[in-house]
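**Student:** Mind having a look at this structure? Questions to follow.
Read-outs: derived from the displayed coordinates by stated rules, not from any lab. This one's a predicted model, so the numbers in the text were calculated from it and none came from an experiment. Quick reminder, even Gly has a Cβ in these numbers, built from the backbone with ideal geometry, and neighbours come from all protein chains shown.
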Amino acid sequence: MTPEVAVTTEAPDPPDNVGLRARNRAAIEARLREVGRQHLAEHGAAALSLRAVARDMNIAPSALYRYVANRDDLLTVLIVDAYDDLADAIESAVARHQTARTRFVAFSIALRDWALRNRSEYALVYGSPVPGYRAPAEQTNPAGERPLMALASIVADLDSVPVIRGTRSPVQTSAANALHALLDDPAVPAMADPVVVARVITVWNLLIGAISSELFEQLGPVTDNPAAVFAGVADLCAALIFG
């Protein structure tokens, strides 16, 4: 007869221990994001340091590596958080309005308001690239597409987009066709008019350009009422979409 072999297994952790570990991990991750954002605001993305973040969290750098592998990993976390926070703010603002035009106005105001409240995060996602950092598309793209898709959804709900003089020229058609990679994106509504898609991209660039110009003072002291200047840009953008 084959002798019986005693099999020993480690007893699973009690549910209380599992829950405690999960809560502790969540608390440390939340603190990591908080301190990471503080360092981003104080020192900029290029100077972000895991060792400095760990010091301000009062933990050893080696302990921090259980949560992020390196500085780039932390930057990725902060980028995804920034995109998601912006998209949440936009979606919340847009949801309170009914017509496409008022939803667009709410979208524009929410975009600028978020940028003013989160200058360092805005600079991280819409400013100059961080030297030596390459964003992992599979992690950042889903969150990064949300703000732009919020704008696209406003236009997609329209029964038709008015033809505006100059927007159907051969140059505009060629520019629209050059966006083939975007048109192939599953997130873009099927059979979307390439010229309309190009117009949405133009509106997005105008809004981001106006906000960047204001936040980074690219035009110098040209106005004491930047909100009115931005409202004018947003109004022009609405004319491109709604006529």
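**Student:** Which residues, counting only those in the range 18-41, are surrounded by 11 or more Cβ atoms within 10 Å (Cβ to Cβ) and of a type outside the set (A, V, I, L, M)?
**Tutor:** Scanning the range 18-41 gives Gly19, Arg21, Arg25, Glu29, Arg31, Arg33, Glu34, Gly36, Arg37, Gln38, His39.
**Student:** Here's a follow-up. Among the residues of the range 111-155, how many are free of Cβ contacts under 8 Å to residues at least 60 places away in the same chain and polar (S, T, N, Q)?
**Tutor:** 4
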